[in-house]
Amino acid sequence: MELKQLRSFAEVVRCGSFTKAAENLYISQPTISTHIRTLEEELGRQLILRTTKSIQVTEKGREVYEYAANILELQERIVLACGEESRRIIHLGASTIPSAYLLPEILPEFGRLHPDTYFVIHQSDSQGVIDGLTDGMFDVGLIGMCADSEALCCQPFCQDRMVLVTPVTPRFLELQQLPEVPLETLLAEPIILREQGSGTNKSASHYLERIGVSESMLRITARINDPEAIKNLVAGGLGVSIISEKAAHNFIQEKRLLGFQLPDSGARTLYISWRRNCELEKHIQEFRDFVTQKYQA
């Protein structure tokens, strides 16, 4: 198995076309076909189904693609790591909330102080970032839950809270005026939750368990990995949701959503994480220290 075979295969999957893949890699289409045929013969599995008008990636092909993409990214990082121009590049993994709502304020400020440092940012859920750190894909990560791994260091850097959001309707406006949060009534509504690997979902699940509510007792109408999509769906009347207060802030301020504080929910901690037995380069240490100091009270 050679890198050129994996590169040709991955590009065909990404483009959905042998012709486009050949153009992007600056090689001929027959060469692309030869690379993939040789790869399939070596693996003993068909990876791509070819028709006259389209291609279809097999189930095994999708699995091989994930491995190939990781191998090719590691190869790119090896090449970059050996070049002078890469010495101040940070491969940063960020879960959804830090990526969408904290990095836009962190990176411009850090960039003014360190103009020669650059970022390659990979967005995933918290578990995906933890896996990437463990596998050596990222130098440092921002995540919404503490990693359950002795291989990683996790340092708190920011506090967040969970909030229950609802559409703006006369009924929910009336509920908001009550002296106590009508949590039992709110949780009886159809509810939209984050995906299983997210820190937000883990925090919401822990809170619900603490008050004696299991997910089986909820009317879960959807699981979605994008908080912006969740906010829009709640605003459109699909249901209620428990999401990060940082994510909900703008919609609540704009009066597109109503926010209900969760009684006794406490603060949720966001973490910056890195590999324990890996000595961080100076520019990565500078970024870690900047992040932890920025949000200190």
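Here are the numbers for this structure:
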{"quantity": "Strands (runs of 3 or more DSSP E) contained in the range 98-169 and holding at least 3 residues touching a residue at least 60 places away in the same chain (Cβ under 8 Å) and within 29 Å of residue 78 (Cα to Cα)", "calculated": "140-143, 152-160"}
{"quantity": "The range 17-57, residues that are more than 18 Å from residue 72 (Cβ to Cβ) and part of a loop (DSSP other than H, G, I, E, B)", "calculated": "17, 28, 44, 45, 46, 51, 52, 53, 54"}
{"quantity": "Count - residues of the range 177-189 that are within 12 Å of residue 259 (Cβ to Cβ) and at pLDDT below 95", "calculated": "1"}
{"quantity": "Qualifying positions in the range 1-16 - farther than 16 Å from residue 58 by Cα and not in a helix (DSSP H, G or I)", "calculated": "1, 2"}
{"quantity": "Evaluation of residue 192 against (1) at pLDDT 95 or above; (2) of a type in the set (Val, Ile, Thr); (3) surrounded by fewer than 15 Cβ atoms within 10 Å (Cβ to Cβ) (one fails), failing number", "calculated": "(3)"}
{"quantity": "Subset of the range 126-148 (residues that are open to solvent by 40 Å² or more (accessible area, probe 1.4 Å) and of a type outside the set (Val, Ile, Thr))", "calculated": "127, 131, 135, 146, 148"}
{"quantity": "Condition broken by residue 104, with the remaining ones in (1) crowded, with 17+ Cβ neighbours inside 10 Å; (2) within 30 Å of residue 157 (Cα to Cα); (3) modelled with pLDDT of 90 or more satisfied", "calculated": "(1)"}
{"quantity": "Considering residues of the range 278-288 that are open to solvent by less than 70 Å² (accessible area, probe 1.4 Å) and assigned to a loop (DSSP other than H, G, I, E, B) only, the residue modelled with the highest pLDDT", "calculated": "280"}
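The values are calculated or read from the model by the stated rules, or taken from the named source; none is laboratory data. All figures in this text were calculated on a predicted structure; none of them were measured in a lab. Quick reminder, even Gly has a Cβ in these numbers, built from the backbone with ideal geometry, and neighbours come from all protein chains shown. Note: accessible area is taken over every heavy atom of the protein model, side chains too, but ligands, DNA and RNA are not part of it. Shrake-Rupley method; radii C 1.70, N 1.55, O 1.52, S 1.80 Å.
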